Amino acid sequence: MTLSCIAGHWVQSPPTCSISYPGPFPRADCSHLKLSAVPQNLPDDLYNLDLSYNNILTITNMSFAAYGKLQVLILQWNALTQIEGNSFEHLLDLRVVYMNCNNIGRLPDALFHNNLHLSILELSHNRLTDIPNNALGLAWFQNRLHTTHVNTSPLNETLCSQSSFKELVNQPLEAFHPGDFCGFNAPLISGLISGSVIVTLLGLLIYRKRWWLNYKIFLLKLFVLGYKQQEEDLQANDYEYGLNIMYHDDDDDWVHGVLRPALEERMPHLQRVAYGDEALRVSMYYIDAVHHIIETSYKTVFLISNHCVDDAWFITKVRVALEHVNETGLDKVILVFLEDIPDERLPYLVRLFLSRNRPNLVWTEDHDGQDLFWAYFEKSMQTNPQINHVFPI
């Protein structure tokens, strides 16, 4: 460190490195200068650079970019905590690196990838807890020690940290053998495979029993929460028809072969059930008769199938039923889907009904699904709950 006179004042000059030529290439001694970064004003043909006993915290990708002929690098006794991944990429002749007595916690992946001549690497007295190359523990580093000519003497002073395997904490690095800890873990692999098989089988079982599970969940919900909401005072027996079923003629076989016998068995209390147009009054015009039977029925059920979605008269009946719902303020309409129908084929009024979360049921050939269907059907037949909105007919 020197003093210089500038404008009549003595100014302390920054510390400078000592350059010597013990051989054909220069050597720079920059130790004990309290440097916080690697100096960039040194000869570009340096072969030996001593930066020990300074305050350097970080080595960047550009720290040694100008010193491509460097062979010996001494960084011991600094405050190094971070080293960027390509810091030594340009040092193709690098042979000796001392980075002991720092605070290094991790070596970047492939840090010495280009340094094929590296023979001495000193890393003792650091805080190495993370070694790169996606290896467990220090497997990558130990493998490198045994597959190259790197000399880490004294190796017995490089100890495994507290985050290492329990058996290796504070043990010398040379005591670590990757095969003992990083080999094929048969119990783990077998457990993962068995777990995957069990989860897959469980998923298939749940899917197969989905209707049964839904039915049981539905019953549990009724048991725990009960069923309370504002509803109509009148009961099914107070109407001329307890149930009015409207459907397309092509679905007549399902109605009389499946629906009718099931209703007679499950809900014998229903006094009168109107099936399709057979219950319409012949003394009235068709639309008037539709109005009348909907008004005098406790519930109206529409059976939705691919046959009826293109039937103009069927859609007209739906419109009349929704108008009646608007007038009474009671949820008296139920949609039952007999088959899967693409959304784009559904009439606007049906999609509007579904968008308001109104009661709708789906018939299925699955036995458990049918139990769930009838449970919901019987529940829907118990009351006519009030609604707080109208359908924009």
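Collect the residues in the stretch 305-324 that are assigned to a helix (DSSP H, G or I) and open to solvent by 60 Å² or more (accessible area, probe 1.4 Å), keeping them in residue-number order.
Once the filter is applied, which keeps residues that are assigned to a helix (DSSP H, G or I) and open to solvent by 60 Å² or more (accessible area, probe 1.4 Å), the stretch 305-324 yields Ala312, Trp313, Arg319, Glu323.
Residues that are touching a residue at least 24 places away in the same chain (Cβ under 8 Å), surrounded by fewer than 19 Cβ atoms within 10 Å (Cβ to Cβ) and not in a helix (DSSP H, G or I) within the stretch 279-304 comprise just one, Thr296.
If the condition is being open to solvent by less than 10 Å² (accessible area, probe 1.4 Å), over 17 Å from His117 (Cα atoms) and aliphatic (A, V, I, L, M), then the stretch 50-81 contributes Leu51, Ile56, Ile59, Leu75, Leu80.
Regarding Thr316, is this residue among the β-branched types (Val, Ile, Thr) and within 30 Å of Leu205 (Cα to Cα)? No: the conditions fail for Thr316. The stretch 1-61 holds strands (runs of 3 or more DSSP E) entirely within its bounds, and those carrying 1 or more residues that are farther than 28 Å from Asp109 by Cβ and modelled with pLDDT of 90 or more map to 18-20, 27-29. Taken together, Asn357, Asn384, Asn388 contain a single residue that is at pLDDT below 85 and either open to solvent by less than 50 Å² (accessible area, probe 1.4 Å) or in contact with a Lys or Arg (Cβ under 9 Å, 6 or more places away or on another chain) (or both), which is Asn384. On inspection, Leu33 fails the criterion of being touching a Leu at 6+ places or on another chain (Cβ under 6 Å), open to solvent by less than 40 Å² (accessible area, probe 1.4 Å) and more than 15 Å from Leu80 (Cα to Cα).
The values are calculated or read from the model by the stated rules, or taken from the named source; none is laboratory data. Keep in mind it's a predicted model, so treat the numbers as computed, not measured. With ideal geometry, Cβ positions are generated from the backbone for all residues, glycine too; neighbour counts draw on all protein chains shown. We work out accessible area using only protein heavy atoms, side chains counted, and drop any ligands, DNA or RNA first. Shrake-Rupley method; radii C 1.70, N 1.55, O 1.52, S 1.80 Å.
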